[in-house]
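Novice: Here you go, one structure.
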Amino acid sequence: MHTNEDLTIPRDFKKHTLLPEIVHWEETSEHVTWGRTSKAKWHDNLAALLVPIGPLWMLLNWIALEYFDGSLAEAMRAFASRDGVQFAIQHFPQPSYAAFRGYAAWILFQAGLYAFLPGAKCLGQRTPGGHLLSYTANGLMAWTMTHVLFFSGACVLGFWDLATIANHWEGLWVAANGYGFLLSVVALMKGYCSPSFPEDRKLSGSWIFDFWGGVELNPRLGSAFDIKFFHNGRPGIVAWTLMYASPSQFHTLQHSADLIPSDISYAAHQYQTHGHITTSMILILILHTTYVLDFFLHESWYTRTIDITHDHFGFMLAWGDTTFLPAFYTLPAQYLARYPNHLSLSQATCILTLGLAGYTIFRQSNNQKDLVRTNNGDATIWRKPATFIPCTYTTADGKQHSSLLLTSGWWGICRHANYTGDLMMAFAMCATCGTRHLLPWSYFAFMGVFLMLRTRRDEGRCREKYGERWVEYCGRVQWRLVPGVW
């Protein structure tokens with residue numbers, strides 16, 4: 001799942017304003033006082049070792065689902081007991097020319113929709129270099145058009161069957177990995193040679209970390225095609241839906257995801273394979289549908305999240321969005337497609353309640369922040385006037401800007417309330433799979449570690465950006481993520 005964080009509320013933000021593509025500010029030699037660190041330290045290079053670990057981890061998950069009944073332990077025991085080369089030859093996913101061709105067509109098609117479909121203009125967060133960038137939020141229209149064309153081609157015109165993606169997913173998985181690595185190299189070279197916004201470029205002094213963490217904050221082709229924003233939302237999240245919409249034989253259905261067509265595809269697949277549709281399958285579809293529809297309905301909000309405002313575009317995002325996202329975030333759904341889990345009515349009720357409660361916290365917390373932002377602090381939250389701490393920050397152009405640190409609503413309970421809701425939803429999704437195997441639960445474990453690390457990183461950035469005001473905010477809102485615990 002994509003998570004957000006920036007408690008800042010820029011007071012110069014104006015809603016429903018017609019925006020130019022880019023708002024420039026005069027360049028100066030002033031030092032950027034906030035943002036990602038410029039120079040890599042030893043632990044930054046150590047983090048870059050995740051470059052090979054990530055793909056190997058996803059490969060092991062694929063092998064466990066395909067060959068070892070969803071058991072990571074069995075897959076690892078088999079690897080340890082055999083010759084490593086023999087194991088790889090026997091189980092490694094095979095590339096396919098048709099899959100590479102199809103994946104290339106998919107990227108180009110989504111890029112065309114992103115570039116040419118109309119949509120609302122929205123502002124992102126001000127960058128450390130002083131830029132306010134404009135984005136076109138047309139993701140919901142792109143998703144709708146993609147699925148109308150896909151289902152029309154399959155069900156009406158007969159150009160392909162609904163199982164096309166699933167039947168070729170082994171090769172598509174290889175193609176996605178290849179594209180993720182290629183995109184990372186291209187992003188590195190572009191950042192070194194032709195950055196879109198030089199004042200926001202960060203050269204760490206280590207090409208390894210530059211490859212992993214990225215050089216450019218907002219790489220663009222021309223003035224409007226934002227490479228990071230496109231890859232964060234379109235190829236991966238829209239693809240989740242189509243993969244869900246590809247019922248096929250039991251052994252070929254692989255990494256799938258969310259949304260309304262999934263009600264048809266996974267229900268049909270489970271019925272064809274097992275003769276019934278389980279409550280657990282219905283629950284995971286409800287929770288996934290809720291989350292992904294929320295993403296596209298609030299795409300303009302996403303431009304002000306940490307993925308866009310703070311993370312530079314390197315392997316972490318390039319490979320992460322194109323490969324890790326569809327291959328890992330959907331593990332509970334992948335598992336249920338192969339190994340149904342039966343829930344009692346009370347279990348299903350508790351899981352659904354927890355998941356929807358998590359979504360409610362996630363959505364309300366973000367709505368509260370946007371409400372206060374839109375009204376420049378003049379807002380009511382939970383029937384009381386919103387409370388906040390006014391603060392300032394300085395960008396690279398030497399200009400000072402004002403912000404608000406919200407201290408009421410969910411943000412008065414813990415400093416990262418949206419992450420709390422995310423964790424609750426992740427737990428509910430994994431709970432649909434039962435406890436037979438740990439593989440589907442690795443998603444919740446990862447989200448827990450990931451959000452704890454991101455919380456620390458967020459707070460370090462805010463401490464640098466706001467200084468004493470951030471310390472004051474932490475004094476008012478004691479808990480980071482889980483009230484009463486941490």
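The values are calculated or read from the model by the stated rules, or taken from the named source; none is laboratory data. Keep in mind the model is a prediction, meaning the values are calculated, not measured. Here the Cβ positions follow ideal geometry from the backbone for every residue, glycine too, while neighbour counts run over all protein chains shown. Areas reflect the complete protein model, heavy atoms only, side chains present, ligands, DNA and RNA absent. Shrake-Rupley method; radii C 1.70, N 1.55, O 1.52, S 1.80 Å.
Novice: Just a yes or no: is a residue in the range 89-97 among the aliphatic types (A, V, I, L, M), at pLDDT below 90 and closer than 28 Å to Tyr179 by Cα?
Specialist: yes
Novice: Condition test on Ala105, is it open to solvent by less than 40 Å² (accessible area, probe 1.4 Å) and assigned to a helix (DSSP H, G or I)?
Specialist: no
Novice: Could I ask something else about it? Given the residues Gln347, Gln368, Gln364, which is the only one that is surrounded by fewer than 24 Cβ atoms within 10 Å (Cβ to Cβ), more than 28 Å from Trp57 (Cα to Cα) and in contact with a Gly (Cβ under 6 Å, 6 or more places away or on another chain)?
Specialist: Gln368
Novice: Which residues, counting only those in the range 209-234, are within 24 Å of Met145 (Cα to Cα) and either modelled with pLDDT of 90 or more or open to solvent by less than 10 Å² (accessible area, probe 1.4 Å) (or both)?
Specialist: Residues satisfying the conditions are Leu221, Phe225, Asp226, Ile227, Lys228, Phe229, Phe230, His231, Asn232, Gly233, Arg234.
Novice: Here is a follow-up. Consider the range 402-446. How many of its residues are among the hydroxyl-bearing types (Ser, Thr, Tyr) and open to solvent by 10 Å² or more (accessible area, probe 1.4 Å)?
Specialist: Of the residues in that region, 6 qualify.
Novice: Could you check the range 54-89 and list, in sequence order, the residues that are exposed (fewer than 12 other Cβ atoms within 10 Å of the Cβ) and of a type outside the set (Asp, Glu)?
Specialist: Leu56, Ala80, Ser81, Gly84, Val85, Gln86, Ile89
Novice: List pairs: first residue in the range 372-384 and under 13 Å from Trp411 (Cβ atoms), second residue of a type in the set (Asp, Glu) and in a loop (DSSP other than H, G, I, E, B) anywhere in the structure, Cβ distance under 9 angstrom, at least six positions apart or on different chains.
Specialist: So the pair list comes out as Val372/Asp378.
Novice: Which residue pairs have Cβ atoms closer than 6 Å, lie 6 or more positions apart in sequence or on different chains, and pair a first residue in the range 230-246 that is outside any helix (DSSP H, G or I) with a second residue that is at pLDDT 80 or above?
Specialist: Cβ pairs passing all conditions: none.
Novice: Further question: Which of the residues belonging to the range 177-203 are open to solvent by less than 70 Å² (accessible area, probe 1.4 Å), in contact (Cβ under 8 Å) with a residue 60 or more places away in the chain and farther than 21 Å from Asp397 by Cα?
Specialist: Asn177, Gly178, Tyr179, Gly180, Leu183, Ser184, Ala187, Leu188
A quick yes/no check of all residues on (1) part of a helix (DSSP H, G or I); (2) touching a His at 6+ places or on another chain (Cβ under 9 Å):
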site	(1), (2)
Cys433	no, no
His437	no, no
Trp441	yes, no
Phe446	yes, no
Phe450	yes, no
Glu459	yes, yes
Gly475	yes, no
Leu481	no, yes
Trp486	no, no
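Novice: For the range 117-159, name all the residues that are at pLDDT 85 or above, hydrophobic (A, V, I, L, M, F, W, C) and open to solvent by less than 70 Å² (accessible area, probe 1.4 Å).
Specialist: Of everything in the range 117-159, those that are at pLDDT 85 or above, hydrophobic (A, V, I, L, M, F, W, C) and open to solvent by less than 70 Å² (accessible area, probe 1.4 Å) turn out to be Leu117, Ala120, Cys122, Leu123, Leu132, Leu133, Ala137, Leu140, Ala142, Trp143.
Novice: Do the conditions hold for Gly171, that is, is it of a type outside the set (Ser, Thr, Tyr) and open to solvent by less than 40 Å² (accessible area, probe 1.4 Å)?
Specialist: Values: of a type outside the set (Ser, Thr, Tyr): yes; open to solvent by less than 40 Å² (accessible area, probe 1.4 Å): yes.
Answer is yes for this residue.
Novice: Taking the residues in the range 108-122 that are aliphatic (A, V, I, L, M) and out of contact with any helix residue (DSSP H, G or I) (no Cβ under 6 Å at 6 or more places or on another chain) as candidates, determine which candidate is farthest from Asn177 (Cα to Cα). Give the derivation first.
Specialist: If we filter the range 108-122 for residues that are aliphatic (A, V, I, L, M), which is where we start, we get 108, 111, 113, 115, 117, 120.
Then keep just the ones that are out of contact with any helix residue (DSSP H, G or I) (no Cβ under 6 Å at 6 or more places or on another chain); that gives 108, 111, 115, 120.
On the way: Leu108: 17, Ala111: 18, Ala115: 24, Ala120: 32 Å.
Residue satisfying both the conditions and the ranking: Ala120.
Novice: Could you tell me whether Phe388 is under 30 Å from Lys190 (Cα atoms) and in contact (Cβ under 8 Å) with a residue 12 or more places away in the chain?
Specialist: On the way: under 30 Å from Lys190 (Cα atoms): no; in contact (Cβ under 8 Å) with a residue 12 or more places away in the chain: yes.
So Phe388 does not fit the description; no.
Novice: (1) over 20 Å from Asp294 (Cβ atoms); (2) small (Gly, Ala, Ser); (3) in contact with a Phe, Trp or Tyr (Cβ under 7 Å, 6 or more places away or on another chain): which one isn't true of Gly460, the others all being true?
Specialist: Answer for Gly460: the failing condition is (3).
Novice: Shifting gears a bit: Suppose we keep only residues that are more than 24 Å from Leu182 (Cα to Cα) and hydrophobic (A, V, I, L, M, F, W, C) within the range 313-344. Which one would you say is surrounded by the fewest Cβ atoms within 10 Å (Cβ to Cβ)?
Specialist: In the first step, residues of the range 313-344 are kept if they are more than 24 Å from Leu182 (Cα to Cα); the result is 331-344.
Still in the running and hydrophobic (A, V, I, L, M, F, W, C): 331, 333, 336-337, 343.
Values: Leu331: 23, Ala333: 27, Leu336: 25, Ala337: 27, Leu343: 20.
Per the criteria, the residue is Leu343.
Novice: Restricting the first residue to the range 453-464 and requiring it to be within 14 Å of Cys391 (Cβ to Cβ), which pairs with a second residue that is outside any helix (DSSP H, G or I) meet a Cβ separation below 6 Å and a spacing of at least six or different chains?
Specialist: Glu464/Trp34
Novice: Can you tell which of Thr380, Thr392, Thr353 is polar (S, T, N, Q) and more than 25 Å from His298 (Cα to Cα)? Talk me through it step by step, then tell me what you get.
Specialist: Numbers: Thr380 fails: more than 25 Å from His298 (Cα to Cα); Thr353 fails: more than 25 Å from His298 (Cα to Cα).
Every option except Thr392 fails the conditions.
Novice: Tell me which residues, restricted to the range 371-383, are surrounded by 14 or more Cβ atoms within 10 Å (Cβ to Cβ) and either within 19 Å of the chain's Cα centre (by Cα) or among the hydrophobic types (A, V, I, L, M, F, W, C) (or both).
Specialist: If the condition is that a residue be surrounded by 14 or more Cβ atoms within 10 Å (Cβ to Cβ) and either within 19 Å of the chain's Cα centre (by Cα) or among the hydrophobic types (A, V, I, L, M, F, W, C) (or both), then Leu371, Val372, Ala379, Ile381 are the ones that fit.
Novice: Search the range 384-401 for residues being assigned to a strand (DSSP E or B), open to solvent by 10 Å² or more (accessible area, probe 1.4 Å) and hydroxyl-bearing (Ser, Thr, Tyr), and hand back the single one that is modelled with the highest pLDDT.
Specialist: Thr392
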